[in-house]
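The values are calculated or read from the model by the stated rules, or taken from the named source; none is laboratory data. A quick note: this is a predicted structure, and the numbers were derived from the prediction, not measured. Cβ placement follows ideal geometry from the backbone for every residue including glycine, while neighbour counts extend to all protein chains displayed. With ligands, DNA and RNA removed, areas are computed over all heavy atoms of the protein, side chains included. Shrake-Rupley method; radii C 1.70, N 1.55, O 1.52, S 1.80 Å.
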Amino acid sequence: MSPDPPQQANPNDGWRLPSPAPSLREVHRTIPVPKSLSFWKKMLAFSGPGYLVAVGYMDPGNWATDLAGGSAFGYTLLCVILLSNLMAILLQSLCARLGIVTGRDLAQACRDHYSRPVAIGLWLLCEIAICACDLAEVIGSAIALNLLFKIPLVWGVCITALDVLAVMYLQNKGFRYIEALVITLILVIGGCFLLEIIFARPNFVEVLGGFAPKFEIVKNPAMLYVAIGILGATVMPHNLYLHSSIVQTRKYEQNAEGKREAIKFATIDSTTALMFALFINAAILIVSAATFHSRGQHEVAEIQDAYRLLSPTLTVPIASVVFALALLASGQNSTLTGTLAGQIVMEGFLNIRLRPWLRRLITRLIAIVPAVICTALYGESSTARLLVFSQVVLSLQLSFAVIPLILFTSDRRKMGEFAIPLGMKLLAWLTAGTIVALNVKYLADFFGLTALVLRLAGATGGA
């Protein structure tokens with residue numbers, strides 16, 4: 001590994017350090033977008049990064065919360081999935097704006113803005129979050145292999161490490177190949193759940209009603225807990241770092257007009273892609289509600305239980321196989337984008353480079369070792385606990401990515417004329433506040449602090 005060569009600093013642009021070399025240098029500005037292209041051809045040229053980001057919003061970590069929400073509360077929590085997705089659309093648009101305008105990804109911006117100890121702390125938190133996310137993806141893929149091919153979970157966990165070979169091969173051929181594979185797998189997942197919805201035959205009037213917010217969610221502690229879990233599993237911190245870097249794979253004009261156009265098309269790309277993520281997350285919950293909740297099965301939260309019950313409950317022999325195929329595509333898709341996120345974070349925060357295969361191998365080992373140990377010791381019963389644990393770790397890190405992102409994109413010295421307007425700034429801070437508050441509540445519930453406070457309050461009131 002070696003540090004990037006120094007470049008000239010501009011003391012008037014709001015940044016403290018010289019402009020660093022771009023992350024993912026091997027694919028930086030490798031996809032040309034000629035100015036002469038028509039609107040639709042430009043949109044096609046900019047399409048791709050948003051779908052890589054959308055993968056993180058439909059990874060195996062989302063499945064358990066969506067399944068639990070649907071089986072326990074029917075369609076009620078669809079509004080939480082919609083709210084989470086709207087938050088994601090806003091935050092990802094800010095990421096694209098930061099990368100396009102400044103030429104820095106979020107990790108590089110944090111390294112520039114904060115002192116070295118703070119930047120190192122943020123890097124460590126982000127690495128832990130990426131490893132936790134990788135853990136969920138490893139377990140999800142291993143469960144799918146077990147369900148489809150009866151491969152033992154321990155061996156399935158080990159097999160998932162081989163995806164590093166696919167990433168290395170595709171990265172050498174060109175970034176468009178990675179994007180094509182990811183989009184193909186998203187279409188597979190979407191197609192599988194479209195079939196599941198057809199099999200489940202949900203009540204579409206009730207489905208539409210589920211997208212309307214209900215005060216009952218806040219009043220019911222059990223419902224609120226699952227709702228917070230859905231939010232924690234939906235808005236992933238590593239996606240913020242990923243998006244701010246991969247939007248720079250497009251070669252557009254480096255002037256105000258070119259950047260303005262790039263922001264527009266990148267925002268369209270990510271918004272469209274995240275609507276696919278909304279469909280898939282909503283579909284998981286809808287299938288769970290229509291299949292299990294409507295038949296009185298209110299405690300189906302395990303992926304394995306959903307697989308075993310789908311076909312006999314729906315009396316459709318292939319329903320369970322389609323479900324497992326979607327899970328496998330989801331897990332493998334997520335590991336592809338996790339590879340890129342890990343490389344971006346290490347290069348951005350530390351200003352050093354490791355070979356992509358070495359970086360991925362390190363991350364994979366950190367995720368695989370605990371997964372192998374737990375599945376070997378406890379079997380299937382440990383997988384749900386590991387999935388929940390991974391989402392708690394992600395919740396801990398989330399605010400440390402969201403708050404710097406909003407600060408940077410609001411700063412006129414750093415962003416110039418592209419600093420976000422007041423209305424968007426207020427929405428962004430409202431989003432950040434909601435995410436932080438709900439995740440604090442989620443963590444307080446997880447560690448028993450909420451119950452402790454309630455007991456103390458009850459004891460004080462009784463005295």
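Here are a few things to note about the model shown:
So that you can scan it fast, the table gives a plain yes or no per residue for (1) surrounded by fewer than 24 Cβ atoms within 10 Å (Cβ to Cβ); (2) at pLDDT 95 or above; (3) farther than 25 Å from residue 335 by Cα:
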| position | (1), (2), (3) |
| --- | --- |
| 51 | no, no, no |
| 66 | no, no, no |
| 72 | yes, no, yes |
| 84 | no, no, no |
| 87 | yes, no, no |
| 95 | no, yes, no |
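- Taking the numbered list (1) among the hydrophobic types (A, V, I, L, M, F, W, C); (2) modelled with pLDDT under 85; (3) surrounded by 24 or more Cβ atoms within 10 Å (Cβ to Cβ) in turn, residue 9 passes all entries but (3).
- Within the range 431-448, the set of residues being open to solvent by less than 30 Å² (accessible area, probe 1.4 Å) and at pLDDT below 75 comprises 439, 442, 443.
- If the condition is being over 16 Å from residue 66 (Cβ atoms) and in a helix (DSSP H, G or I), then the range 204-221 contributes 204, 205, 206, 208, 209, 216, 218, 219, 221.
- For the range 163-183, the condition holds for no residue, the condition being that it is under 30 Å from residue 433 (Cβ atoms), out of contact with any His (no Cβ under 6 Å at 6 or more places or on another chain) and either of a type in the set (A, V, I, L, M) or surrounded by fewer than 23 Cβ atoms within 10 Å (Cβ to Cβ) (or both).
- Here residue 286 qualifies as modelled with pLDDT of 80 or more, in contact with a Pro (Cβ under 9 Å, 6 or more places away or on another chain) and either in a helix (DSSP H, G or I) or aliphatic (A, V, I, L, M) (or both).
- Considering residues of the range 214-231 that are under 11 Å from residue 80 (Cβ atoms) and not hydrophobic (A, V, I, L, M, F, W, C) only, the residue most open to solvent (accessible area, probe 1.4 Å): 214
- Screening residue 207 on (1) open to solvent by less than 40 Å² (accessible area, probe 1.4 Å); (2) modelled with pLDDT under 90 shows it passes everything except condition (2).
- Selection count, the range 97-120, where residues are open to solvent by 10 Å² or more (accessible area, probe 1.4 Å) and within 21 Å of residue 426 (Cα to Cα): 2
- Tabulated pairs, the range 27-46, first in a helix (DSSP H, G or I), second surrounded by fewer than 13 Cβ atoms within 10 Å (Cβ to Cβ), C-beta under 8 angstrom, 6+ apart or interchain: 45/32
- The residue of the range 388-430 that is surrounded by the most Cβ atoms within 10 Å (Cβ to Cβ), among those that are farther than 24 Å from residue 140 by Cβ and hydroxyl-bearing (Ser, Thr, Tyr), is 409.
- Counted as qualifying within the range 303-422 are the helices (runs of 4 or more DSSP H) with 1 or more residues that are modelled with pLDDT of 80 or more, closer than 27 Å to residue 228 by Cβ and charged (D, E, K, R), namely 303-314.
- Here the condition is being within 19 Å of residue 130 (Cα to Cα) and either surrounded by fewer than 19 Cβ atoms within 10 Å (Cβ to Cβ) or under 20 Å from the mean Cα position of the chain (by Cα) (or both); of 270, 311, 330, it holds for 330 alone.
- Residue ID - surrounded by the most Cβ atoms within 10 Å (Cβ to Cβ), chosen from residues in the range 289-301 that are in contact with a Phe, Trp or Tyr (Cβ under 8 Å, 6 or more places away or on another chain) and outside any loop (DSSP other than H, G, I, E, B): 289
- Residue match in the range 233-254 (condition: in a helix (DSSP H, G or I), within 30 Å of residue 126 (Cα to Cα) and open to solvent by 20 Å² or more (accessible area, probe 1.4 Å)): no
- Residues that are in a helix (DSSP H, G or I), out of contact with any Cys (no Cβ under 6 Å at 6 or more places or on another chain), of a type in the set (S, T, N, Q) and open to solvent by 10 Å² or more (accessible area, probe 1.4 Å) do not occur anywhere in the range 130-142.
- Look at (1) over 15 Å from the mean Cα position of the chain (by Cα); (2) farther than 20 Å from residue 349 by Cβ; (3) of a type in the set (Val, Ile, Thr) and you find that residue 118 fails only one, number (2).
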